[in-house]
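As structure tokens, the structure follows; a few thoughts come after it.
The values are calculated or read from the model by the stated rules, or taken from the named source; none is laboratory data. Treat the numbers as computed from the prediction; the structure is a model and nothing was measured. So basically every Cβ, Gly included, is an ideal-geometry build from the backbone, and we count neighbours across all protein chains shown.
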Amino acid sequence: MQLVALVVDDSMLIRHTVCRFLEERGFRVESATNGQDAVEALKRVRPDLIVTDMQMPKMGGAELITAVKAQPQTANIPIVIVAGKQSGFEKKEKRANFTIFKDIDIESQLAKALKAVLPDCLTKDQAAGK
């Protein structure tokens, strides 16, 4: 069974990097440029993982997480935050399962995040980013 990820970020570069990383590991990836578009995407797709930025136009990551956690059908989806190192979101937002930082090697952090939040769904090579 193919895993599905929803990647939410207003930065095209970050979105592309995360999507490519996940696609290389066998995920089918949906993407959105803000939380509002992600909420709409959740009406048609049920992801196994959500990777979201926190600061976005229209609806930020905190509001998106609130919307996800409020619905029984989405409340248990693992959430990985992508944030700037100086933003402090890793300390403020406790509802996410993992936080990675935009200003540090994103791919190695994503490998660690996948291993932490979806350990049973990845082979060792996939989790290691190989």
* Criterion: touching a Gly at 6+ places or on another chain (Cβ under 8 Å), closer than 17 Å to VAL82 by Cβ and in a helix (DSSP H, G or I) - qualifying residue of LEU13, LEU64 -> LEU64
* Is it the case that the range 81-90 has a residue that's touching a Leu at 6+ places or on another chain (Cβ under 7 Å) and at pLDDT 90 or above? -> no
* **Total residues in the range 40-59, condition buried (at least 19 other Cβ atoms within 10 Å of the Cβ) and not hydroxyl-bearing (Ser, Thr, Tyr)** => 8
* Asked: If GLY26 satisfies every condition in (1) of a type in the set (Gly, Ala, Ser); (2) assigned to a loop (DSSP other than H, G, I, E, B); (3) crowded, with 18+ Cβ neighbours inside 10 Å but one, which is the exception?
  -> (3)
